[in-house]
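Everything below concerns the one structure shown next.
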Amino acid sequence: MQITPLGDCAVLIRVAENFDEAPEQALQKVIAAHRRLGAAKIPGVIELAPAYTTIALFYDPVRAIDGGAPAENVPDWLEHKIREALAGSDSRGADYVKNSVVEIPICYDPEFGFDLDEVAQHAELSPNEVIDLYAAGNYRVHCVGFIGGFPFLGGLPSKLATPRRETPRKEIPAGSVGIGGKQTGIYPVKSPGGWNIIGRTPLRLFDPQKNPPGLLRAGDQVRFRAISREEFERSVT
Amino acid sequence: MKATAIRAGFLTSVQDLGRAGLREFGVSPGGALDPHALRVANLLVGNKEPAAGLEITFGGLRIRFADDRVIAWCGGDFEACIGSMRLASGHAALVQSGEDFSIESPAIGCRAWLAISGGIDVPVFLGSRATDLKAGFGGMNGRAIRDGEQLLLGENSERSKTLAETLRTGRIASWKPPHNWSNPAQPEPVLRFIRGSDADHCTAEAMKTFSRSGFFVSPDSDRMGVRLDGPRLERTSEKDLLSEAVAPGTVQVPPNGRPILLLNDCQTIGGYPKLAHVITFDLPIAAQLRPADTVRFSEVTLLEAHRVLCERERDLQQFRGGIEWHLK
């Protein structure tokens, strides 16, 4: 485990290596470490931000000192506290926590999935085969970011991996479901983007009026369910 | 009570100390780009430090008050007035019902933070009144203030009322905080940094160039980041990294070799190599950089970064104590 400064008010804790070979194991380690660090309540810690193989721990050095850190050396004290919190963690053993499963309805109407044909051509499949293959996947959230509520999902069937578009679009509608390389994700709000759009969900993935504001967080499992245009229109709030 | 933005200026937004604890949902902390300046300005008017004020970019703001308020501003080298009476940065002043505060053309720097006693009372989203301009929520309907718009103000605190009475005759307080608190802008600043965790993804030459050369601030800079033109910083690989957290202060190097110094509205994660991190103490100076300004960078240790930050916090505590004593 590697702990490196991310500026003077955060450290980056690398809890797993080799994401590409073992994304599930990496995620499990990150989730376990996230829970342990949260439970440790280290003085001065403001928040934890997991992503793929790392957790960023944000802290306030002033509050850390108020909480017992030596004024002349907060970094060593903090590293010791982090290692103590994570000592003996084992992603397959006691730390295993089942994360919630979220079902997300998607409408693949050509008006919504404007890149479905291109993805199908790239995969040498028909659009319907793409939809079936996509729905069969078992996805997990590896990270939320880029914009508020945007989930980066692993578990895309490898046949569907499609490179990002050469020229990003200026505007992707909210709810658009896209494929970018080996990952898939959903645009929570209208934004620019370079992923290939295959459909749209009527669900709201990000709502600043709610706390927590996001539907998904790292570790969640996601299942997709195909819906008709009628069901989509009925579900839009 | 309301105040009216007769002229809203180039980019004026409601900001407080931002939203912490939501990075795992992709929400950036946001808030005043110089949180220290806003805290100081709030203390000067008798507010609690996290109260919402206005972040003013390049001036152009004229705001009319409908009742008596204590105001103070901190930031760049602006011309500010109450009516025709000049108001320097860092001085608390009484504005009376019907009077205008205006702030214009900075000689150095580009941003100022205006605190108004009672604070600006916009709805709280996710624990903060700050405007998230990128995501479009918080502050005034998630966007910058517009000409003619009315701002709802909170109640004056007892402390603000006491302060208003003491300012009834002189109008402008004679005391002020240290100059670098009320006016952090510097011509051709040197920003201190600690080495980034991905420095080895850039060439050794890139690190030397970064710490020895001057860079120019590009016009496409904003609250997300300061984009820098100058000598190209070479990476050892064109390939980006697996995304991980970034923070205000992070200096990223995209494939084009033009570094970006991230500010409060930056994305929560990024895949460009992190060459360096500007220390938190110096971010208020970075927040004053404007297009075509020259900026340089100089390496310090993490312990030094903590030392200066903690020292300023202690000084702020003393300042807070001094104000409380003064208003007793």
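Miscellaneous remarks
- Remark: the stretch B:212-229, residue by residue, has Karplus-estimated 3J(HN,Hα) of 10, 9, x, 10, 9, 7, 7, x, 7, 7, 7, 5, 7, x, 9, 8, 10, 9 Hz, where x stands for each Gly or Pro and the curve is 6.51 cos²θ - 1.76 cosθ + 1.60 at θ = phi - 60°.
- Taking 7 Å steps out from each Cα toward its Cβ at A:Arg223 and B:Ser97 produces label points 6.5 nm apart.
- For residues of B:309-315, the mean tally of beta carbons on other chains within 10 Å: 3
- Helix B:302-326 vs. chain B, principal-axis angle (Cα, 0 to 90°, nearest 10): 0 degrees
- Rounded to 10°, Cα long-axis angle of helix A:127-136 versus longest principal axis of chain A: 30 degrees
- Amide H contacts under 5 Å for A:Phe146, placed H, 5+ residues apart: B:Thr268, B:Ile269
- Result for chain A in a Gaussian network model with C-alpha springs under 10 Å: among A:Pro110, A:Pro23, A:Pro188, the largest mean-square fluctuation is at A:Pro110.
- Choice from A:Glu111, A:Glu21, A:Glu129 showing the highest fluctuation, given a GNM over chain A with Cα pairs closer than 10 Å: A:Glu21
- In Hz, Karplus ³J(HN,Hα) per residue of the stretch A:39-46 (6.51, -1.76, 1.60; θ = phi - 60°; x = Gly, Pro): 5, 5, 6, 5, x, x, 6, 9
- Residues whose placed amide H lies under 5 Å from that of B:Leu151, excluding near-sequence neighbours: B:Ala3, B:Thr4, B:Ala5
- For the residue pairs A:Lys182/A:Lys210; B:Lys239/B:Lys274; A:Lys210/B:Lys2; A:Lys81/B:Lys134; B:Lys176/B:Lys328; A:Lys29/A:Lys210, the C-alpha atoms sit more than 25 angstrom apart in A:Lys182/A:Lys210; A:Lys210/B:Lys2; A:Lys81/B:Lys134; A:Lys29/A:Lys210.
- Under 5 Å, built H, 5+ apart or other chain: amide partners of A:Ile104: A:Arg223, A:Phe224, A:Arg225
- For the stretch B:155-166, backbone phi angles converted through the Karplus equation (6.51, -1.76, 1.60; θ = phi - 60°) give residue-by-residue couplings of 5, 5, 6, 4, 4, 5, 5, 4, 4, 4, 5, 5 Hz, Gly and Pro being listed as x.
Readers should treat all values here as calculations from the given coordinates under stated rules, not as data from a laboratory. Keep in mind the model is a prediction, meaning the values are calculated, not measured. Please note: Cβ atoms are built from the backbone with ideal geometry, for glycine as well, and neighbour counts cover all protein chains shown.
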